[in-house]
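Step one of this worksheet: look at the structure below.
The values are calculated or read from the model by the stated rules, or taken from the named source; none is laboratory data. Nothing here was measured: the structure is a model prediction, and the numbers come from that model. Cβ placement follows ideal geometry from the backbone for every residue including glycine, while neighbour counts extend to all protein chains displayed.
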Amino acid sequence: MFTLALGDHAQLRPLEPWQAPEFLAHIDRARPLVDPWIPWASLTTDLPSATTTLQRYADLLASDSGRIYGIWLNGELVGGVMFTRFDTASGVCEIGCWLEEAGQGHGLVTRACRALIGWAFAERGMSRVEWWVSSDNTRSIASARRLGMTRDGVLRRRYPYRGLRQDSEVWSVLAEEWPPAAGPAASGSGIQAELDRLMSLFMNSFTNTGGRRPDLDIIRDLFVPEGRIISNAGDEPVIMDVDAFIEPRQKMLTDGTLTEFSEWEVSERTEIFGSVAHRFSEYAKSGVQDGERFEGHGHKTTQFLRTRAGWRMASMAWDDE
């Protein structure tokens, strides 16, 4: 059996039917996080069904049409990645992932997926790697973005889950786009590109123009857990953790108070020093609040840190003009 080190005492290894007891114990721990998104999770409820799930992937491996791998952290199975579809004739495969809470915050899924995608392109000559995800699964969408994927489109009400039909998003990366230019260990220009990407994701998370649904949950992935966001637009600074920042803005952007809203950088100056960086931005915004159209602009200062999971925002402060 091969073992691929992922760093931080983590390993990527094949998952096989004989590991069904360990797999079942892990899925029971992970069920609250994975059951809505992974079809086989709701079917893996006892030892026979866990064995069946792993045997199905063993059969896919034998026919070169799918694979499944586990992620172990400090010797405990905490998640995994898989090729749910692997079609060598068309040169297209689909990748997926899952993780229990104990494995979060280490960048394990990103590292494991990069290994699989790199192998699919370099060793197997694949042309396209796809990522299918529910529009409500913001963590998985954030993972697709971190992998440098592009959203190709949305299939509306594609499948039912517990009586409600769900939208599916299709993300992909092509062989000529791999590997992405930016990453945690990238050069100075690559780091700049990664910081540009993080800021773009932050700005775009508020957009609700044309009926688009804002995606503020992604902000939790952009910041370190202890991150702070500071408004200096009033008489006294208001210092918030990420959740306190998101909650009122999520409400305004979804209850009709603030519509047709978007925000974007007009200019920026970024300075990078090893594993820390600072960005000073001028931004503009527009929207309709309480039925009145408005436009505005201001300035942000953002601090970044390079973590085990890649570059993340540590703090942000802004002042509207």
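Every residue in the range 50-60 that is exposed (fewer than 15 other Cβ atoms within 10 Å of the Cβ) and in contact (Cβ under 8 Å) with a residue 24 or more places away in the chain, please. Across the range 50-60, the qualifying residue is only GLN55. Note on the range 85-110: residues that are part of a helix (DSSP H, G or I) and more than 18 Å from TRP171 (Cβ to Cβ) amount to 4.
Set side by side, the residues LEU47, LEU73, LEU77 differ, and just one is surrounded by fewer than 21 Cβ atoms within 10 Å (Cβ to Cβ), among the aliphatic types (A, V, I, L, M) and at pLDDT 95 or above, which is LEU47. Flag: ALA120 does not match the condition of being under 13 Å from the mean Cα position of the chain (by Cα), free of Cβ contacts under 8 Å to residues at least 40 places away in the same chain and not in a loop (DSSP other than H, G, I, E, B).
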